[in-house]
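Let me begin by presenting the structure, written as structure tokens, before commenting on it.
The values are calculated or read from the model by the stated rules, or taken from the named source; none is laboratory data. Worth saying up front: this structure is predicted, and the values here are computed from it rather than measured. Positions of Cβ are generated from backbone atoms using ideal geometry, with glycine treated the same way; all protein chains shown enter the neighbour counts. These area figures cover heavy atoms from the full protein model, side chains too; ligands, DNA and RNA do not enter into them. Shrake-Rupley method; radii C 1.70, N 1.55, O 1.52, S 1.80 Å.
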Amino acid sequence: MTNNPQAVPQPKQALMKRLTNALKVAVVPPVGYQVIHMLRRTMSWQTEGGEHVSRLFAQNKRVILAFWHAQQLMMPLAIPGLKAHVLISQHRDGELIRRIVARFGLDAVRGSSTRGGAEAFRQLIRIGRAGGNLVLTPDGPKGPRQVAKVGVVQLARATGLPIIPMAFGCSKKNSSRAGTG
């Protein structure tokens with residue numbers, strides 16, 4: 001042990017890291033869920049092409065929903081009440097995302113191209129063949145951005161489910177500005 005008052009013994013650092021992670025897991029999901037709903041209430045929402053998805057669901061068909069990784073924040077609100085299995089990485093941040101989407105009624109399959117991907121892919125195939133909806137980001141967190149990897153096509157081929165591309169966009173409109181005359 002050193003005389004340096006800023007040097008923290010290793011066991012204490014490990015304890016602080018565990019406590020910080022436990023705090024994140026306890027706080028971020030409920031706050032994240034509320035933030036998404038708060039953002040939703042501040043926006044005008046317009047859906048284009050939703051009738052195609054509604055028609056498939058009315059026919060009791062299942063789908064693979066795909067959207068870019070950078071657009072994932074608002075996607076749990078895209079189809080209210082959707083029951084689906086979402087591919088989420090096994091990374092620590094993935095656990096936070098899993099807990100947030102669970103609050104929207106979505107289940108998670110954990111894996112990515114760098115960790116647990118093969119087993120996650122097999123699990124998605126089983127779920128899709130059994131009649132479940134699947135959700136994933138075909139460009140993944142490592143990118144390249146907005147370039148789909150072949151996995152989503154392989155998943156569609158293996159399950160027979162159609163791929164429904166989705167996107168979220170917004171624009172800044174300051175409707176609170178008061179006119180002066």
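Run through every distinct alpha carbon pair of region 85-181 and return the Kirkwood hydrodynamic radius in angstroms, one decimal place.
Working: mean 1/r = 0.0658 Å⁻¹.
Result for region 85-181, one decimal place: 15.2 Å.
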For Lys12, counting only lysines whose alpha-carbon sits under 27 Å away and dropping same-chain residues fewer than eight positions off, the answer is Lys24
Pull up all non-local amide H partners of Lys149: gap of 5 or more, or a different chain, and H-to-H distance under 5 Å with H placed in the peptide plane.
Asp139
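Rounded to the nearest 0.05, what FRET efficiency do Trp45 and Ser113 have when you use their Cβ-Cβ distance and R0 = 25 Å?
Plugging the Cβ-Cβ distance into 1/(1 + (r/R0)^6) gives 0.20.
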Longest DSSP-loop-exposure-free segment, chymotrypsin sites (Phe, Trp or Tyr not before Pro), the chain, at most 16 other Cβ within 10 Å:
46-167
Amide H to amide H, which residues 5 or more places from Leu65 or on other chains are under 5 Å from it, using H placed in the peptide plane?
Leu134, Val135, Leu136, Ile164
Taking +1 at the Cβ of each Lys and Arg and -1 at the Cβ of each Asp and Glu, which of Thr114, Gly151, Gln13 sits farthest along the dipole of the chain towards its positive end, judged by Cα position relative to the Cα centre?
Gln13
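For region 72-142, give the magnitude of the charge dipole about the Cα centre (Cβ charges: +1 Lys/Arg, -1 Asp/Glu; no others), in debye to the nearest 20.
On the way: 11 positive and 5 negative charges, 34 e Å.
In debye, rounded to 20, region 72-142 gives about 160.
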Could you size up the charge dipole of region 1-104 around its Cα centre, putting +1 on the beta carbon of Lys and Arg and -1 on that of Asp and Glu, and report it in debye to the nearest 20?
320
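May I ask you to derive the FRET efficiency for His52 and Phe168 from their Cβ-Cβ distance with R0 = 25 Å, giving the value to the nearest 0.05? Can you show the working numbers first?
Values: r = 17 Å, r/R0 = 0.67.
Here the calculated transfer efficiency is 0.90.
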Rounded to whole Hz and in sequence order, give me ³J(HN,Hα) for region 42-56 from the Karplus expression 6.51 cos²θ - 1.76 cosθ + 1.60, θ = phi - 60°, writing x for Gly and Pro.
8, 10, 7, 10, 10, 10, 10, x, x, 5, 5, 5, 4, 5, 4
Any idea what the dipole of the chain comes to, in debye rounded to 20, about its Cα centre with Lys/Arg Cβ at +1 and Asp/Glu Cβ at -1?
220
GNM, the chain, Cα, under 10 Å: largest mean-square fluctuation among Pro11, Pro138, Pro80?
Pro11
Checking Gln34, Gln46, Gln13 against a Gaussian network model of the chain (alpha-carbon springs below 10 Å), the top fluctuating residue turns out to be Gln13
I need the shape label for region 69-131. Rule: rounded when a/c is under 1.5, else prolate if a/b > b/c, else oblate, with a, b, c from the alpha carbon gyration tensor.
oblate
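Give the longest segment of the chain that steers clear of trypsin sites (Lys or Arg not before Pro) in DSSP loops with at most 15 neighbouring Cβ atoms within 10 Å, not counting the sites themselves.
Working: sites that count: Lys61, Lys83, Arg103, Arg115, Lys142, Arg145, Lys172, Lys173, Arg177.
Result for the longest clean stretch: 1-60.
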What FRET efficiency, computed as 1/(1 + (r/R0)^6) with R0 = 30 Å and r the Cβ-Cβ distance, is obtained for Ala102 and Arg157, rounded to the nearest 0.05?
0.55
Rounded to the nearest whole Å², what accessible area per residue is found for the chain with the 1.4 Å probe?
68
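Decide, for the chain, between rounded, prolate and oblate: order the square roots of the alpha carbon gyration tensor eigenvalues as a ≥ b ≥ c, take rounded if a/c falls under 1.5, and otherwise choose prolate if a/b is larger than b/c, else oblate. Intermediate values should be presented prior to the final figure.
Working: a/c = 2.31, a/b = 1.26, b/c = 1.83.
Judged from the Cα gyration tensor, the chain comes out oblate (a/c at least 1.5, b/c at or above a/b).
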How would you classify region 118-158 from its alpha-carbon gyration tensor, with a ≥ b ≥ c the square roots of the eigenvalues: rounded for a/c under 1.5, else prolate if a/b is greater than b/c, otherwise oblate?
prolate
Using amide H atoms built 1.01 Å from N in the peptide plane, name the residues 5+ places from Ala108, or on other chains, whose amide H lies under 5 Å from its own.
Val86
Once Lys and Arg get +1 and Asp and Glu get -1 on their Cβ, which of Val135, Gly49, Val35 lies farthest toward the positive end of the dipole of the chain?
Val35
